[in-house]
1. Return yes when Asp36 is in contact with a Lys or Arg (Cβ under 8 Å, 6 or more places away or on another chain) and farther than 12 Å from Ile71 by Cα and no when it is not.
2. What tally of residues in the range 62-73 results from selecting those that are surrounded by fewer than 20 Cβ atoms within 10 Å (Cβ to Cβ) and closer than 18 Å to Met1 by Cβ?
3. Quick one: how many residues across the range 32-61 are surrounded by 13 or more Cβ atoms within 10 Å (Cβ to Cβ) and acidic (Asp, Glu)?
4. Being out of contact with any His (no Cβ under 7 Å at 6 or more places or on another chain) and modelled with pLDDT under 95: is that true of Ala56 here?
5. Whether any residue in the range 3-14 is of a type in the set (Asp, Glu), at pLDDT 95 or above, surrounded by 13 or more Cβ atoms within 10 Å (Cβ to Cβ) and touching a Gly at 6+ places or on another chain (Cβ under 8 Å) is what I want to check.
6. Does the range 41-61 hold any residues that are more than 14 Å from Ala17 (Cα to Cα) and of a type in the set (A, V, I, L, M), and which are they?
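The values are calculated or read from the model by the stated rules, or taken from the named source; none is laboratory data. All values derive from a computational prediction rather than experimental measurement. A quick note on method: Cβ atoms are made from the backbone with ideal geometry, for glycine too, and the neighbour counts reach across all protein chains shown.
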Amino acid sequence: MTDVESRILSFVTTSFARGGAAIDGNTSLLDSGLIDSTGIFELVSFLESDFGIQVADEDIVPENFETVRRIATFVDGKGRR
């Protein structure tokens, strides 16, 4: 797991995993119900502040936010700091 994945997983676990839900880099955050539409905006805010990227409205699609691994790939593609 990369540093980016670890940071995102830590945020997601702390912010959204309730009742000791076990998640990893491949857990579907959307299908599992861990993150809803409000949670996506919290996650986007974290990504923008923590990684210094800009997330455009058109970037907020399931392909980019389905799993921690996909989110990390998206962040890396944005040229994070």
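1. Details: in contact with a Lys or Arg (Cβ under 8 Å, 6 or more places away or on another chain): no; farther than 12 Å from Ile71 by Cα: yes.
It is false that Asp36 is in contact with a Lys or Arg (Cβ under 8 Å, 6 or more places away or on another chain) and farther than 12 Å from Ile71 by Cα.
2. So the count comes out to 4.
3. Summing the residues that are surrounded by 13 or more Cβ atoms within 10 Å (Cβ to Cβ) and acidic (Asp, Glu) in the range 32-61 gives 4.
4. So Ala56 does not fit the description; no.
5. Within the range 3-14, one or more residues are of a type in the set (Asp, Glu), at pLDDT 95 or above, surrounded by 13 or more Cβ atoms within 10 Å (Cβ to Cβ) and touching a Gly at 6+ places or on another chain (Cβ under 8 Å).
6. Across the range 41-61, the qualifying residues are Val44, Leu47, Ile53, Val55, Ala56, Ile60, Val61.
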